[in-house]
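The values are calculated or read from the model by the stated rules, or taken from the named source; none is laboratory data. Predicted model only: the values in this text are computed from it and were never measured. Here Cβ is always computed from backbone atoms with ideal geometry, including for glycine, and neighbour counts include all displayed protein chains. Ligands, DNA and RNA are stripped out before the accessible areas are found, and what is left, the full protein with its side chains, is counted by its heavy atoms. Shrake-Rupley method; radii C 1.70, N 1.55, O 1.52, S 1.80 Å.
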Amino acid sequence: MNLVWAAVGGAAGLVAGYLLRGPVFRLSVPAGAPDRVACPGCDTRLRRWPSLCRWPSLRCWHCGRALGTPAVLELAIAAVLALLGGRFGGQPLTLALGFLGALGVALAAIDISVQRLPDRLTLPAYPVLIALLAVAALAGHDLAALWRALLGGLVLAAGYLLLGLARPGQLGGGDIKLAGLAGLALGWLGWRAVLTGAALGFILAGLASLVLLAAHRVTLRGAISFGPFLLGGALLVILVQGPADAHIP
């Protein structure tokens, strides 16, 4: 663990969390519903600004109500980026993993809130992540890893698509698209990482379901958000495998 890179990652995560607070607030609505553009407390239309955040502050300018739970998103992204920075700092792959880590936390926050993974975040992430992986491949002189990443994304997305078709209602379209993004990162590390990451997501979701059932928070017919577990499984594999094993197929 490189503490300097971990600190850099944590600082970058705080900034990314601030910038993503607006999109997370705006897109945390059920599928098909319009974006949230008004304060949930006083219904005042929120002011925009020309940046990724789209809001001038983390609170309603009229009543002062916080837009989401204060600091949780920022600290969560900072923690993820600190872990990734400390594990991969200085490696060509760091920027790509940092992008996916920050976006993943934002998507997980939306999925937990409304069980939705918006296309407006998942689909544009594909060209960005592929471009960052291409830069990493060129910088590290490892085009084989790039091809493996592309195949990993395709295989994992296809696998989730087949599971979704086999058991309708268990996996949504957002989960399938998110699986492709996770597969890109896992594929770079190797096929073992792809398989382990895919399996770990289901294991974590199963364990969480048992805990929620025991606590009477869900029923046997209830559904939980799968995206956070898919991302959590991928993150654990990425952190455990790390840069030292990145070229093991």
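Restricted to segment 215-229, and to residues that are exposed (fewer than 14 other Cβ atoms within 10 Å of the Cβ) and among the small types (Gly, Ala, Ser), which residue is modelled with the highest pLDDT? Explain how you work it out, then say what you get.
As a first pass, look at segment 215-229 and keep what is exposed (fewer than 14 other Cβ atoms within 10 Å of the Cβ): 215-217, 219-223.
Those left that are additionally among the small types (Gly, Ala, Ser): 215, 222-223.
Details: 215: 77, 222: 63, 223: 72.
The qualifying residue modelled with the highest pLDDT is 215.
If you check residue 46 against the conditions, is it in contact with a Phe, Trp or Tyr (Cβ under 8 Å, 6 or more places away or on another chain) and modelled with pLDDT of 90 or more?
no
Condition first: in a helix (DSSP H, G or I) and buried (at least 22 other Cβ atoms within 10 Å of the Cβ). Can you find one or more residues in segment 112-126 that meet it?
If we filter segment 112-126 for residues that are in a helix (DSSP H, G or I), which is where we start, we get 112-114, 119-126.
With the extra rule that they be buried (at least 22 other Cβ atoms within 10 Å of the Cβ), the set shrinks to none.
Scanning segment 112-126, I find no residue that is in a helix (DSSP H, G or I) and buried (at least 22 other Cβ atoms within 10 Å of the Cβ), so the answer is no.
From the set of residues in segment 193-214 that are open to solvent by less than 60 Å² (accessible area, probe 1.4 Å), out of contact with any helix residue (DSSP H, G or I) (no Cβ under 7 Å at 6 or more places or on another chain) and among the small types (Gly, Ala, Ser), which is modelled with the highest pLDDT?
Let us first name the residues in segment 193-214 that are open to solvent by less than 60 Å² (accessible area, probe 1.4 Å), namely 193-194, 197-201, 204-206, 208-209, 212-213.
Applying the additional criterion that residues be out of contact with any helix residue (DSSP H, G or I) (no Cβ under 7 Å at 6 or more places or on another chain) yields 199, 206, 209, 212-213.
Next, from what is left, pick out any that are among the small types (Gly, Ala, Ser): 199, 206, 209.
On the way: 199: 93, 206: 87, 209: 83.
If we take residues in segment 193-214 being open to solvent by less than 60 Å² (accessible area, probe 1.4 Å), out of contact with any helix residue (DSSP H, G or I) (no Cβ under 7 Å at 6 or more places or on another chain) and among the small types (Gly, Ala, Ser), then 199 is modelled with the highest pLDDT.
Taking every residue in segment 17-40 that is farther than 18 Å from residue 119 by Cα and pairing it with any residue that is at pLDDT 90 or above and among the aliphatic types (A, V, I, L, M), at least 6 positions away or on another chain, the pairs with Cβ-Cβ distances below 7 Å are 17/73; 17/77; 17/78.
Checked against the criterion of being surrounded by 14 or more Cβ atoms within 10 Å (Cβ to Cβ), of a type in the set (A, V, I, L, M) and modelled with pLDDT under 95, the candidates 133, 171, 165, 151 yield just one match: 171. The listed residues are 139, 158, and the only one of them that is free of Cβ contacts under 8 Å to residues at least 24 places away in the same chain and either open to solvent by 30 Å² or more (accessible area, probe 1.4 Å) or under 16 Å from the mean Cα position of the chain (by Cα) (or both) turns out to be 158.
Take the conditions over 16 Å from residue 228 (Cα atoms) and surrounded by 17 or more Cβ atoms within 10 Å (Cβ to Cβ) and apply them to residue 178. Does it pass? Before you say what the answer is, go through the steps one by one.
Values: over 16 Å from residue 228 (Cα atoms): no; surrounded by 17 or more Cβ atoms within 10 Å (Cβ to Cβ): yes.
Criteria not met by residue 178.
Collect the residues in segment 14-33 that are over 16 Å from residue 120 (Cα atoms) and hydroxyl-bearing (Ser, Thr, Tyr), keeping them in residue-number order.
Taking segment 14-33 and keeping what is over 16 Å from residue 120 (Cα atoms), we get 14-18.
Selection gives 18 alone.
The combined condition, being more than 16 Å from the chain's Cα centre (by Cα), of a type outside the set (Phe, Trp, Tyr) and open to solvent by less than 10 Å² (accessible area, probe 1.4 Å), is not fulfilled by residue 185.
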